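Remarks on the structure that follows.
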Amino acid sequence: MTHAMANPLLDADDLPSYAAIRPEHIEPAIDRVLSENRTEIERLLAARTSYTWNHLIQPLEELEDRLNKAWSPVSHLHAVLDSEALRAAYNACLPKLSAYATEVGQHQGLYRAYRQIAEGSEYVRLDAAQRKVIDNALRDFRLSGIALPPDQQARYKHIQQELSQLSARFAENVLDATQGWTKRVTDETQLAGLPESARALARQTAQQRALEGWLLTLELPSYLPVLNYADDCELRRELYEAFCTRASDQGPNAGRWDNGPLMERLLALRHELAQMLGFQDYSEYSLATKMADSPDQVLAFLDGLARRARPQAQRELAELREFARAEFGIGALEAWDIGYYSEKLRQHRYQLSQEELRPYFPVTRVLPGLFAVAEKLFGIAIRLLDGIEVWHPDVRVYEIADSSGQPRGRFYLDLYARPHKRGGAWMDGCLARRVIDGRVRLPAAYLVCNFTPPLGEDPALLTHGEVVTLFHEFGHGLHHLLSKIDYLPVTGIHGVEWDAVELPSQFLENWCWSREALALLAGHYQTGEPLPEALYQRMRAAKTFQAGILMVRQLEFGLFDFRLHREFDPARGGRVLELLDAVRRQVAVIIPPSYNRFPNAFTHIFSGGYAAGYYSYKWAEVLSADAFSAFEENGVFDAPTGARFQRSVLETGGSRPALASFVEFRGREPRIEPLLRANGIKAAA
Ligand code: ZN
């Protein structure tokens, strides 16, 4: 059959047609776009001998956009609605996409054309964002091996293909391992201590699978309440073990989805790639596109924070031990006891439980509240859009308009945990802002979370932690959607140094703690009663509860990731566990059991974009805490300060170095004190 069915991945001129996309559309669409793009690149190069922005770079952007439009819905579906057929089609495309990216990156003709523009008279007449597009492109040619001899270029291409496949397999293993273990409870007394919401979720999960009793899973809305509240320490231990051995050689599913060999292979290939390009190791390669200047600077930054935070973390842990001993007669705290007794201590000290706050954060109140906060800060208005195709009935679509009523972008919101959806929370671009035929095509974004779903008839009741996550992702969303840059490679989050990407997201989290903002976003789901002052005061007081422990844990991840890529030695392999031990001896205060295989599910660095970049969270937190301190000085809803942040940071995308944007907003270089203060950590080392 040669009859060409309409392919929704090719014909979308706006948002993807989620109702129409089928796995069988994927490969033909990608094959066609890649082949047409290749032809078009050659045609563009052959058409002239002297190149210009309008005759080369602008049309190339069109090609990139077309590929994005075909692929972005696929990779999105792979994350939120995985199935065997989709996975097969997705994986079949990965090597093709990778090969194409390498070919473009190593294309001598294209490289010469870019250089000609960069060195020609047009360059100085282009605007700063356009020059940044060209500078980034030249840098990326070098990072793609443009200067390598042909045999090494072929090797580079092969490595990139294998890396993309390994990364995908890594995430799939984690998803499968997360779903591959459940615990059915038939005697409710075993659930003693669990809040009503967690029980109701477990009951609902069991019912959905036609099972009697309660079903506990390793998805966070199920897992975390067990670790934090279940009185039965054997139940906690069982879930802890299953969770922290996912995709490994340990635990109840030992060897079944083991990511161990994949990690070794990923590290070895990354190292080889970096060295081929003239870097000492992958950490150096990673920094080539980041704000940080050198691996030593990153390590010194993390070490410095650890030195300051660790004494506090040690004190907090000693207090916890003492509390568990004095109040509960517990001699030794095991890894699965920490959350449980921490929650008890929080209760004891602040009379505050996460569960107590939940009724004040119904999603029906939090969302309008979040939008109201954004409206006050940035003068934007957000409204629900009807009639847009989505991939799941829970998904909603919204439009952002500015103060003059001009639409600025749209976003999908997919809030709840469900099977076949990757864990965690993230923002991803769907469309990037750009100019087509003289008119602005507005951006679109995906905001994805894994919150506790609504139970029965009630709206979903969020924990305060979930509210913070929502603000975080929304901050990323604003960064992508409020961009005023019209060039795809540097608009929104495109082209932003990775270690600055977490600035707008962590920045927005601060409003979850502000009294004025909470007045907008908290209200009892039954009575509408605002968050009581006493509860708010206890919540504020508990804000830095165990902040030291939390900080050293993040630093442990950051240092582990960075040193893993910095110290890789081909002769000795990744030594993943050995290195993790060493990092823990240096910074950690809690040492987990030896079967813990946390790296095997560390998708951020093995299948996300955070390889030798997990430190970015802390790096950007310096920026975000310092940016927020401007609002502490001027008022949390100070409109001029909000407008300045929008103009300097949110609207400028990757069109200039992140440091320049920060300095324009703050009037000076970033300082670390606001971060320390926010965590209750003393500035003196
Ligand atoms: Zn983030």
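The values are calculated or read from the model by the stated rules, or taken from the named source; none is laboratory data. These numbers come from a predicted model, not from an experiment. Quick reminder, even Gly has a Cβ in these numbers, built from the backbone with ideal geometry, and neighbours come from all protein chains shown. Heads up: the accessible areas ignore ligands, DNA and RNA and are worked out on the full protein's heavy atoms, side chains in. Shrake-Rupley method; radii C 1.70, N 1.55, O 1.52, S 1.80 Å.
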Using a 1.4 Å probe on the protein heavy atoms, what percent of the accessible area of the chain belongs to carbon and sulfur?
50
What FRET efficiency would be calculated for the residue pair His348, Arg142, taking the C-beta separation as r and a Förster radius of 56 Å, to the nearest 0.05?
0.45
Potential extension, Arg575-Ala88 segment - 0.36 nm per residue separation minus Cα distance
172.1 nm
If one computes the Cα centroid of the range 359-394 and of the range 103-146, what distance in Å separates the two points?
40
What value, in deg cm²/dmol to 500, does the helix sum -39500 (n - 2.57) over DSSP H runs of n ≥ 4 give at 222 nm once divided by the residues of the chain?
-18000 deg cm²/dmol
Which value, in Å² and to the nearest 10, is the accessible area of Ser514 when all protein chains are kept and the probe is 1.4 Å?
10
Label-point gap, in nm, between Arg515 and Ile591 - each point 7 angstrom along Cα→Cβ:
4.6
Run the numbers for Glu533 and Asp127: contour at 0.36 nm per residue of separation, minus the present Cα-Cα distance, in nm.
141.0 nm
If you rank His565, His420 by how much accessible surface each has, with a 1.4 Å probe, what is the order from largest down?
His420, His565
Nearest 20 debye, what's the magnitude of the dipole of the range 283-410 about its Cα centre given +1 on Lys and Arg Cβ and -1 on Asp and Glu Cβ?
360
Please list, by residue number, everything in the range 567-589 whose backbone N is under 14 Å from a paramagnetic label point 7 Å out along Cα→Cβ of Gln314.
585-589
Which whole-number value in Å² is the accessible area per residue of the chain, probe 1.4 Å?
41
Go through Thr469, Leu269, Leu299 and say which Cα lies farthest out towards the positive end of the charge dipole of the chain; charges sit on Cβ, +1 for Lys and Arg, -1 for Asp and Glu.
Leu299
Virtual spin-label span in nm between Thr49 and Arg677, 7 Å along Cα→Cβ
6.4
Relative contact order for the range 618-679: what percent, with Cα pairs under 8 Å and sequence separation of 6 or more?
47
If you put +1 on each Lys and Arg Cβ and -1 on each Asp and Glu Cβ, how big is the dipole of the range 593-684 around its Cα centre, in Debye rounded to 20?
260
Accessible heavy-atom area order of Val435, Val467, highest first, probe of 1.4 Å
Val435, Val467
For the chain, share of DSSP beta bridges that run antiparallel, in % to the nearest 5
80
For labels at Glu633 and Arg38 in the simple 7 Å Cα→Cβ model, what's the distance in nm?
5.6
For the range 231-325, shape from the Cα gyration tensor axes a ≥ b ≥ c, cut at a/c of 1.5 then a/b versus b/c, turns out oblate
Cross-link table Lys376/Lys421; Lys183/Lys344; Lys69/Lys484, entries beyond 31 Å C-alpha to C-alpha:
Lys376/Lys421
What accessible surface, in Å², does a 1.4 Å probe find on His25, ignoring ligands, DNA and RNA and rounding to the nearest 10?
30
Which of the lysines could be linked to Lys290 by a straight reach, that is with a Cα gap under 17 Å, when you skip same-chain ones fewer than 8 residues away?
Lys132, Lys618
Hey, if we sort Ser294, Ser248 by accessible area with the 1.4 Å probe, largest down, what's the order?
Ser294, Ser248
